[in-house]
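Asks: Take a look at the following structure, please.
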Amino acid sequence: MIYITRETHFCAAHKLWNEKWSKEKNFEVFGPCANENWHGHNFDMRVTVKGKPDPKTGFVINFKDLKQLVNEEIIYKVDHKNLNIDVPFLEGKLTSCETLVVEFWNILAPKILKMTDGQVALHCIKLTETKNNYAEYYGE
């Protein structure tokens, strides 16, 4: 089994806010990330897939095809957007790094299987929010 990774980048604004809580409770839990005027991040995302190389190409998956899929399904929809307002697949969800990585997985995993006729699977998505904070998801 070989694992290959495509790294990409996007910028987005959001705020962490639970509508069921008071303003005070939101600030107690989320601190400055509950800023009513939003805040932003320069996200880095690593998408890792696994499979066996195709004997005709030597590729597990063509990096160009993986790039196109990630861009069309995720990056073009979140880059320079307000994640709480502008992204339909995040509507009504807390936009934590953990939520984002799971939602990205839910979009990409079945599409990768389909585009490779089940020969390649999504292994991991690592979403870095700051140089010190990231979330990894393995579809569990």
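The values are calculated or read from the model by the stated rules, or taken from the named source; none is laboratory data. These figures come from a predicted structure and were not determined experimentally. In this analysis, Cβ positions are derived from the backbone assuming ideal geometry, glycine residues included, and neighbour counts consider all displayed protein chains.
Asks: Identify, from the list E24, E7, E19, E36, the residue that is charged (D, E, K, R), outside any loop (DSSP other than H, G, I, E, B) and either touching a Leu at 6+ places or on another chain (Cβ under 8 Å) or over 21 Å from Y134 (Cβ atoms) (or both).
Replies: Going through E24, E7, E19, E36 in turn, just one is charged (D, E, K, R), outside any loop (DSSP other than H, G, I, E, B) and either touching a Leu at 6+ places or on another chain (Cβ under 8 Å) or over 21 Å from Y134 (Cβ atoms) (or both): E24.
Asks: Hey, Y3 hits all of (1) more than 19 Å from Y138 (Cβ to Cβ); (2) touching a residue at least 60 places away in the same chain (Cβ under 8 Å); (3) of a type in the set (F, W, Y) but one; which does it fall short on?
Replies: (1)
Asks: Identify, please: which residue in segment 117-129 is surrounded by fewer than 19 Cβ atoms within 10 Å (Cβ to Cβ) and not acidic (D, E) and is, among those, nearest to K20 (Cα to Cα)?
Replies: Of everything passing the filter in segment 117-129, K126 is nearest to K20 (Cα to Cα).
Asks: Let me ask something else about it. Every residue in segment 41-64 that is more than 13 Å from the chain's Cα centre (by Cα) and surrounded by fewer than 15 Cβ atoms within 10 Å (Cβ to Cβ), please.
Replies: Passing the criteria: K52, P53, D54, P55, K56, T57, G58, N62, F63, K64.
Asks: Would you call M1 under 24 Å from N106 (Cβ atoms) and over 18 Å from the mean Cα position of the chain (by Cα)?
Replies: Against the criterion (under 24 Å from N106 (Cβ atoms) and over 18 Å from the mean Cα position of the chain (by Cα)), M1 qualifies.
Asks: Report yes if some residue within segment 41-59 is touching a residue at least 24 places away in the same chain (Cβ under 8 Å), of a type in the set (D, E), under 15 Å from A13 (Cα atoms) and touching a Phe, Trp or Tyr at 6+ places or on another chain (Cβ under 6 Å); otherwise report no.
Replies: No, segment 41-59 contains no residue that is touching a residue at least 24 places away in the same chain (Cβ under 8 Å), of a type in the set (D, E), under 15 Å from A13 (Cα atoms) and touching a Phe, Trp or Tyr at 6+ places or on another chain (Cβ under 6 Å).
Asks: Just to be sure I understand, how many residues within segment 76-98 are part of a helix (DSSP H, G or I) and among the hydrophobic types (A, V, I, L, M, F, W, C)?
Replies: The qualifying residues number 4.
Asks: Hey, does segment 25-32 have a residue that's of a type in the set (V, I, T) and either touching a residue at least 60 places away in the same chain (Cβ under 8 Å) or under 15 Å from K111 (Cβ atoms) (or both)?
Replies: No.
Asks: Something else: How many of the residues making up segment 57-74 are among the β-branched types (V, I, T) and not in a helix (DSSP H, G or I)?
Replies: 3
Asks: Next up: Could you please let me know if V78 is closer than 25 Å to D117 by Cα, surrounded by 15 or more Cβ atoms within 10 Å (Cβ to Cβ), modelled with pLDDT of 95 or more and not hydroxyl-bearing (S, T, Y)?
Replies: For V78, the condition - closer than 25 Å to D117 by Cα, surrounded by 15 or more Cβ atoms within 10 Å (Cβ to Cβ), modelled with pLDDT of 95 or more and not hydroxyl-bearing (S, T, Y) - is not met.
Asks: Ok, one more. Can you tell me which residue among A121, A109, A135 is assigned to a strand (DSSP E or B), at pLDDT 95 or above, of a type in the set (G, A, S) and over 11 Å from the mean Cα position of the chain (by Cα)?
Replies: Just one listed residue meets the conditions, A121.
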